[in-house]
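This report concerns only the one structure given below.
The values are calculated or read from the model by the stated rules, or taken from the named source; none is laboratory data. Predicted model only: the values in this text are computed from it and were never measured. Cβ placement follows ideal geometry from the backbone for every residue including glycine, while neighbour counts extend to all protein chains displayed. What goes into the accessible areas is simple: the full protein's heavy atoms, side chains included, and nothing from ligands, DNA or RNA. Shrake-Rupley method; radii C 1.70, N 1.55, O 1.52, S 1.80 Å.
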Protein chains: 2
Amino acid sequence: MNRHSNSDRNPLAEGGNHALSLGQRIRQYVLSRIDSGEWPEGSRIPSEAKLVDLLGASRMTIHIALRDLSAEGVLLRKQGAGTFVAPRRHQSTFLELRNIHAEIIGRGNLHTTNVLSLESQISDLASATELNVPPGTTVFHAVLVHRENDRPIQIEDRIVNPQFAPEFMKQDYTTTTPNEHLMENGPLEEVEHVIQAVLADASNASLLELEVGDPVLLLRRRTWSRGMIATSARLYHPGMRFSLAGRMKVHR
Amino acid sequence: MNRHSNSDRNPLAEGGNHALSLGQRIRQYVLSRIDSGEWPEGSRIPSEAKLVDLLGASRMTIHIALRDLSAEGVLLRKQGAGTFVAPRRHQSTFLELRNIHAEIIGRGNLHTTNVLSLESQISDLASATELNVPPGTTVFHAVLVHRENDRPIQIEDRIVNPQFAPEFMKQDYTTTTPNEHLMENGPLEEVEHVIQAVLADASNASLLELEVGDPVLLLRRRTWSRGMIATSARLYHPGMRFSLAGRMKVHR
DNA sequence: CCGGCGAAATGGTATATACAACTTAATACA
DNA sequence: TGTATTAAGTTGTATATACCATTTCGCCGG
């Protein structure tokens, strides 16, 4: 069989993926079509046979790639019917919490942000440990209050590894969120969460429009990317009004 | 090639799995060896070639099955070295929280339980909604305090769907946990979590040896099994001393 | 005793083939 | 027009083969 019977132009060559295996390139091909919106949620993607013609790989190779994506929940496959882009599971797991902006917009509400502070600082032992960088390293520090229809719903107290996001300080966080900017700097590889119930201190109470001593949910989240700790955030939520919820399938 | 060159006895036939595909049976074979302890954590399992001889399936079929289990984190595979049983990820995701008994034992501490109440009751609207059963149905209700080295660390306030676990009331929860009993009644299919920060009321404060008004983490957990809501639990943790932590890999 | 080298073992990837199972749409028939 | 049948299209599974990449370990020589 001629592997390039349709065309000598092979679509599997977007952006320096030379080191990837064929299966991985097929995977990236599919994912990029989905991310770009070319293949929207729920739409049917080309059949295995068509992808064979299109990409010049054997059907088994393509089958395995699609099978993996299906196992990960990216695609839905139905024998006899076709392969479809799976609907984005919105609230699957709070560990996969979408950014707060998307959440608020998704509820049809207005999202605004106050930037309380945004500065580079020399890391003390605590913040250095948190980011796993040497003490004395410069780190970025931001404190923001997120509002939904002008009501404060989250304090975001974040330190950022400058090596990961050197442009972090130059962004305008009234129009974009730190999360959005950070996502551009590298793929999210791992997330760590710690959740605690704490009491609002004077500062938090004032910012969240609570009384001192009200219960507050503290979510500490660290994210790994490109092999380093990219950022560590402390997210304070008013515990009475807000909760973190998620549902997930159980395997095994 | 003779698929049964070693023996006519095929190990892939344990307990009514006639309807399963060969790949699924290989999967079950591996999982049951792990669950039974025959292949302990960290141990090396037979190579693909040996499994070919042992199970009579082709290498590709076995490879795919092991590959899937590797993707799910059950196995670890290293090219050139072998396939190993992955260490049980203890704190991977708090959504997969092991039962509290295993956690405490795992820390080398003593776990004791006080049963404060254990009764069947007619469900009111709230509890009926929680379990998705008709109001007026009989449901089981248990309240327990878990202690680690005699220090109270969790209040478990649980309602149970009798249709799921009819023997729930007959268990001795000083020697077993509700969770353990429930696990025997069916496979866990789905879990829903809601986390909130609340203030300890008089009852909670007394049970957890806190002051009234101390912050408490409330974890509400509902589990689905055999197509119904099996149980709904309210788990109270002292928020200052305890937190829920988890780390997970991110896909896509 | 140590180091280097190579063979053997092991998993990783890709392909071609065959058939089974299921879905959908077109077709033929009453 | 409605229904049953058929055909085509699609994914699911299993196999045999080939070659590649990495690891491990024993052997041999210094």
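Pairing residues of the range B:209-233 that are at positive phi and without any contact (Cβ under 8 Å) to a residue 40 or more places away in the chain with residues that are of a type outside the set (Ser, Thr, Tyr) and outside any loop (DSSP other than H, G, I, E, B), at Cβ distances under 8 Å and at least 6 apart in sequence or on separate chains, gives B:Gly213/B:Leu199; B:Gly213/B:Ala205. Restricting the first member to the range A:35-48 and to residues that are over 11 Å from A:Val74 (Cβ atoms), and the second to residues that are in a helix (DSSP H, G or I) and open to solvent by less than 40 Å² (accessible area, probe 1.4 Å), the beta-carbon pairs closer than 8 Å and six or more apart or on different chains are A:Glu48/A:Ile62; A:Glu48/A:Leu66.
Can you pull out every residue in the range B:132-178 that is open to solvent by 40 Å² or more (accessible area, probe 1.4 Å), touching a residue at least 40 places away in the same chain (Cβ under 8 Å) and not acidic (Asp, Glu)? Selection gives B:Asn132, B:Asn149, B:Arg151, B:Gln163, B:Met169, B:Thr174. Just one of (1) within 11 Å of DNA strand D (Cβ to nearest atom); (2) within 22 Å of B:Ala71 (Cα to Cα); (3) modelled with pLDDT of 90 or more fails for A:Arg25. It is (1).
Of the residues in the range B:123-144, not one is under 26 Å from A:Val194 (Cβ atoms) and either within 13 Å of another protein chain (Cβ to nearest Cβ) or among the hydroxyl-bearing types (Ser, Thr, Tyr) (or both). Before we move on, is A:Ala57 within 14 Å of chain B (Cβ to nearest Cβ), surrounded by 17 or more Cβ atoms within 10 Å (Cβ to Cβ) and within 10 Å of DNA strand C (Cβ to nearest atom)? Here the answer is no, as A:Ala57 does not meet what is asked.
In the range A:179-194, the residue that is surrounded by the fewest Cβ atoms within 10 Å (Cβ to Cβ) out of those that are within 14 Å of A:Ile100 (Cβ to Cβ) and within 14 Å of another protein chain (Cβ to nearest Cβ) is A:Met183. Taking the numbered list (1) surrounded by fewer than 17 Cβ atoms within 10 Å (Cβ to Cβ); (2) within 12 Å of chain A (Cβ to nearest Cβ); (3) within 10 Å of DNA strand D (Cβ to nearest atom) in turn, B:Ser70 passes all entries but (3). Within the range A:195-211, restricting attention to residues that are within 17 Å of A:Ile153 (Cβ to Cβ) and part of a loop (DSSP other than H, G, I, E, B), the residue that is least open to solvent (accessible area, probe 1.4 Å) is A:Ala200. On the given criteria, is B:His237 of a type outside the set (D, E, K, R) and at pLDDT 85 or above? In short, yes. In this structure, A:Gly108 does satisfy being at pLDDT below 85, part of a loop (DSSP other than H, G, I, E, B) and away from chain B (no Cβ under 14 Å). For the range B:76-90, filtered to residues that are within 9 Å of DNA strand C (Cβ to nearest atom) and touching a residue at least 12 places away in the same chain (Cβ under 8 Å), the residue that is surrounded by the most Cβ atoms within 10 Å (Cβ to Cβ) is B:Thr83.
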